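None of the figures in this text is laboratory data; all of them are computed from the coordinates on show. Bear in mind the structure is a predicted one, so any value in this text is a computation, not a measurement. Cβ: placed from backbone, ideal geometry, glycine included. Neighbour counts: every protein chain shown.
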Amino acid sequence: METLDRSGIDALLTALRERGFTVLGPTVRDRAIVYDELRSTADLPVGVTDEQAAGSYRLTHRGDDALFGYTVGPHSWKRWLHPPLVRLLRITPEEGGQGFTADSSDPGARRWAFVGVRACELAAIGIQDRVFLDGPAVDPVYDARRRGVFVVAVNCAQAGGTCFCASMDAGPRAREGFDLALTEVVDDDRHYFLVEDGSPEGREVLAALPSRLATADEVKTADRILESAASSMGRSLEMDGLPEILGRGYDSPRWEKVATRCLSCTNCTMVCPTCFCSTVEDVNDLADGAAERWRRWDSCFTTEFSYLHGGSVRTSVSSRYRQWLTHKLGTWIEQFGSPGCVGCGRCITWCPVGIDLTEEAAALRESDRALHA
Amino acid sequence: MESPKTTETLASPGLDPMLPRPFVLKSIEQENVDTWTLELEAVDADGDLAFEPGQFNMVYRLGVGEVPISISSDPTRPERLLHTIRSVGAVTGGLCAMKPGEILGLRGPFGNAWPVSLAHDSDLVFVAGGIGLAPLRPAIYQVLSERRRYGRVVILYGARSAGDMIFAEELETWRGRFDLDVQVTVDHATGDWFGHVGVVTTLIPRAGFDPTHTVAMVCGPEVMMRFTVRSLVDRGVASEGIYLSMERNMKCAVGFCGHCQFGPSFICKDGPVFSLPRVERWLDTREV
């Protein structure tokens, strides 16, 4: 474990840029912390924190100069790895009508360094890796974008009001999948970072930074901070037996109840760092006759999502909420070996009516107990 | 009983599963008022598309869109590639309006196969409703190509009316064979229909197969399959011996787009053919 002063973060961003990375990280825009390109540490949300509750997100000042003193905002890294809109193909008919040529290049792909990746987000990237890379087929868009990413994780020094990563075993400390992991310490008199390397490339980058070996006291301080974050989670979710409860709960009256509140707006699926569903749209170039196929994020909350000839399969809001929740916390495990939830709380915060999946899961558990006791 | 085997045609890394191959429409034949059979031939040098009975392709009309369509031709003759398509939307309508010589795109084949070899030495009953006969036809061809390996083979086919049948001439030919029992029924009879009237499930109680030694393969509208499997189970066919081909909206066919989920299964990569025990629980639940 090494220690880096506040100025060492400037050196880190510079070192990453010099190695050819496009550096992405948190920044304040439109009164939210979003991810975008960072030019310097001045772009970071210095001294800013977020207050989150069901259906509520507000930025406030912390009263210090912390760089990473917030939790997670509406963006997640899937914006870059599995972009909201991406061209899959450009198909140009050949002269004489003897076939076509297909261009599947992805001009949006860069060698990115993600700075400020939370433990829950690392877990989410791991989940999407299993979806896009470990199946019978590999998604070339995800594969190319994912391959070169340099991850600077930041351990969470505080839990947000809708966080429950500790329940999902996904945080608040990053355990694997990063090149470097930072823990920020803002004391009365000192502002420094503990740095852990997680890969040979991370080690190389760290070696070029003005760091020094961490003292036992510094390590202890960081551990204490992370422990307090783990014990101050705003939410919790009991996963034990939940997949089975969901599996036999398709007829629970709770689905109708949540459907009276759910607007089917798709916000939860858009902010979710693991939701991967997409659709493909066709676009035609009137000038040269080329046809393009664009993939864009889709959501199981729309009626079109389940459209088959004759109508949609899931016409009711209750069936769509049921699909989302039973998939996320139940069938996902059978499909990909883990739940599709990392406890980041985004779906709770960004739900315009404040529906809380931890509350819904608990209610389903309760009604299951009443039925099967 | 083992589950149907999965063919991992596109499993090799580095191959873009979303990239269509150009095919030319060789011929197109109208089956009924809204259904056509398209014969396709590869333009590139990669040659014929080897496939197993029950697999499907993503068929792409340039600039319009792409839809999953089961292969309806003979897997023992891959040089003749057929897809039978009902014109019900923009893409299927666009495909059915194509002229011979025009180019379209094809990805596949995807999905698993009808477990025809599991039915060796037992009776085999095919139950098809409407265009559901198309995904079953390759399995029928496969079975007929090695007819001696099976016991009694029964084809039960239901259509809404005589005019809504597909492969009508072929059904007549098959009905003329001594080693096949083909029965056809229509929901609504017009004056020129002298055959059986009623839904396809009404054929099941009297059909000539030994339910204790029977494998059943079922394809049709979901409601038809729901009642068909019930009739088969009532007749005494074991759930594990009943297979269905499921249908859902699909955008990718390789498990990325999420559209075709049916309970824990992806119809594209875990199916489309499922044994009844794997889907029974969701088949009887609304809006899954």
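Some notes on this structure:
- Nearby aspartates and glutamates by direct alpha-carbon distance to residue B:251 (threshold 13 angstrom, same-chain neighbours under 8 apart not counted): A:281, A:282, A:298, A:304, B:66
- Taking the range B:116-283 and dividing mean pair separation by its residue count, relative contact order in percent (alpha carbons under 8 Å, at least six apart): 21 percent
- The charge dipole of chain B, taken about the Cα centre with unit charges on the Cβ atoms of Lys, Arg (+1) and Asp, Glu (-1), comes to about 360 debye, rounded to the nearest 20.
- Residues whose placed amide H lies under 5 Å from that of residue B:262, excluding near-sequence neighbours: B:267
- Shape call, the range B:73-207: gyration tensor on alpha carbons, a/c limit 1.5: oblate
- GluC sites (Glu not before Pro) restricted to the range A:60-157 and DSSP loop, no more than 14 other C-beta within 10 Å: A:94
- Most mobile of A:160, A:47, A:330 in a GNM of chain A (Cα contacts under 10 Å): A:47
- Mean per-residue shielding of peptide A:304-313 is 5, counting Cβ atoms of other chains within 10 Å of each Cβ.
- Filter on A:257/B:269; A:78/A:220; A:328/B:269; A:78/A:257; B:99/B:269 - keep pairs with C-alpha separation over 29 Å: A:257/B:269; A:78/A:220; A:78/A:257; B:99/B:269
- The fewest-to-most ranking of A:255, B:114, B:193, B:36 by surrounding Cβ atoms within 10 Å reads B:193, B:36, A:255, B:114.
- Scattering from the range A:1-152 was approximated by placing one identical point on each alpha carbon and applying the Debye formula without solvent; log10 I(q)/I(0) at 0.10 1/Å stands at -0.46.
- Fewest-first sequence of A:302, A:49 by Cβ atoms within 10 Å of each Cβ: A:302, A:49
- Max mean-square fluctuation residue, GNM over chain A, Cα-Cα springs under 10 Å, options A:295, A:110, A:190: A:190
- Cα pair distances of the range B:116-283 binned at 10 Å [whole percent]: 10, 39, 35, 14, 1
- Between the C-alpha center of the range A:316-373 and that of the range B:145-161 there is a gap of 44 Å.
- Per-residue shielding of B:277-286, expressed as the average number of other chain Cβ atoms within 10 Å of the residue Cβ, stands at 2.
- Prolate/oblate/rounded call for chain A, Cα gyration tensor, a/c under 1.5 rounded: oblate
- The range A:168-216: C-alpha gyration tensor shape, a/c 1.5 cut-off, then a/b vs b/c: oblate
- By the Cβ-Cβ criterion of under 4.7 Å, the unpaired cysteines of chain A are A:156, A:163, A:262, A:265, A:277, A:300, A:341, A:351.
- Across the range B:247-261, computed HN-Hα scalar couplings (Karplus, 6.51 cos²θ - 1.76 cosθ + 1.60, θ = phi - 60°) run 10, 8, 4, 9, 10, 10, 6, 10, x, 9, 8, x, 5, 8, 5 Hz from first to last residue, x flagging Gly and Pro.
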